[in-house]
Amino acid sequence: MIRRTMENAVIMENRAERDDMTGLYNKNRLISDVAKNSKADRFVAVVYWDVNRLKYVNDNYGHYYGDLLITKVAKSIKSVAKKDMPIYRYGGDEFIMLIPDATEQEVLIIIDRWKKVIEQMAKDSDIPLSASVGYSIGKYTSLKKVIEEADKKMYENKKQRRN
């Protein structure tokens, strides 16, 4: 009985910190992870993705395909992450990766690798498959601002893609 109770506790903890559709961490886990790493002198890079054309896919292909679009983008991000780079489903179609102690060069390498993966996946996709990406680097103590800056850069990327 104790073993079953412990197993159930692990299952409940996993459900509380993971997104059911993508298997990625959720905002609850992000808050927890940030609290653990809130040393003032530690830097972190935030890479921020937003799925492109989700409304179009939902409206023209159906919500099943919209969910498929989200999961494919999540898979593309997972494929380039290293073990120490947690990924979170930050919103409905938004994702964040934290890269501890990263340099700009390291971030650009990750983004470049991701672009190659998503381009390859898009070739084999029946639905439009793409995402816009932005990043920022700062300290864990100002993570909210780092996320906001990465979000701003992602929207600049999205605007460029539309043009």
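Let me check I've understood the local charge: for S125, count other residues with C-beta under 11 angstrom from its C-beta, Lys and Arg +1, Asp and Glu -1. What total comes out?
Numbers: positive: K72, K123; negative: E119, D124, D126.
My count for the surroundings of S125 gives -1.
Could you work out the relative contact order of the chain? I mean the mean sequence separation of Cα pairs under 8 Å and 6+ apart, divided by the number of residues, in percent.
Numbers: 240 pairs, mean separation 48.5, N = 163.
Over the chain, the number comes to 30 percent.
With every protein chain kept in place and ligands, DNA and RNA left out, what is the accessible area per residue of the chain? Probe 1.4 Å, answer in Å². Spell out each step's value before the answer.
On the way: 9950 Å² over 163 residues.
Each residue of the chain exposes 61 Å² on average to a 1.4 Å probe.
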Lys/Arg +1, Asp/Glu -1 at C-beta; the stretch 19-163 dipole; positive extreme among Q160, I118, Y56 | Q160
Counting DSSP beta bridges in the chain, what percent are antiparallel, to the nearest 5?
-> 95
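Expected output is a single nm value to one decimal: the length gained when fully extending between E156 and D59, i.e. 0.36 nm times separation in residues minus the C-alpha distance. What is it?
Values: separation 97, 0.36 × 97 = 34.92 nm, distance 2.47 nm.
That pair, E156 and D59, stretches by 32.4 nm at full extension.
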Considering the zone a paramagnetic label at M21 would reach in this model (a point 7 Å from Cα along the Cα-to-Cβ line), which residues of the stretch 75-95 have amide N under 17 Å from it?
-> 75-78, 88-95
The stretch 92-163: GluC sites (Glu not before Pro) in DSSP coil with no more than 13 other Cβ atoms inside 10 Å | none
In square nanometres, what is the average projected area of the Cα convex hull of the chain?
-> 11.1
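Full extension from K82 to E106: what is 0.36 nm times the residue separation minus their Cα-Cα distance, to one decimal in nm? Let's see the in-between values first.
On the way: separation 24, 0.36 × 24 = 8.64 nm, distance 1.16 nm.
Full-extension gain reported as 7.5 nm.
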Tabulate in residue order the Karplus-calculated ³J(HN,Hα) for the stretch 69-85, using 6.51 cos²θ - 1.76 cosθ + 1.60 with θ = phi - 60°, rounded to whole Hz; enter x for Gly and Pro.
-> 4, 4, 5, 5, 5, 4, 4, 5, 5, 4, 5, 10, 7, 8, 4, 8, 10
Student exercise, the stretch 38-101 dipole from Lys, Arg, Asp, Glu Cβ charges, in Debye to nearest 20 | 220
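The values are calculated or read from the model by the stated rules, or taken from the named source; none is laboratory data. Predicted model only: the values in this text are computed from it and were never measured. All Cβ positions, glycine included, derive from the backbone under ideal geometry; neighbour counts span all protein chains shown. Just so you know, the surface numbers come from the protein's heavy atoms only, side chains and all, with ligands and any DNA or RNA stripped out. Shrake-Rupley method; radii C 1.70, N 1.55, O 1.52, S 1.80 Å.
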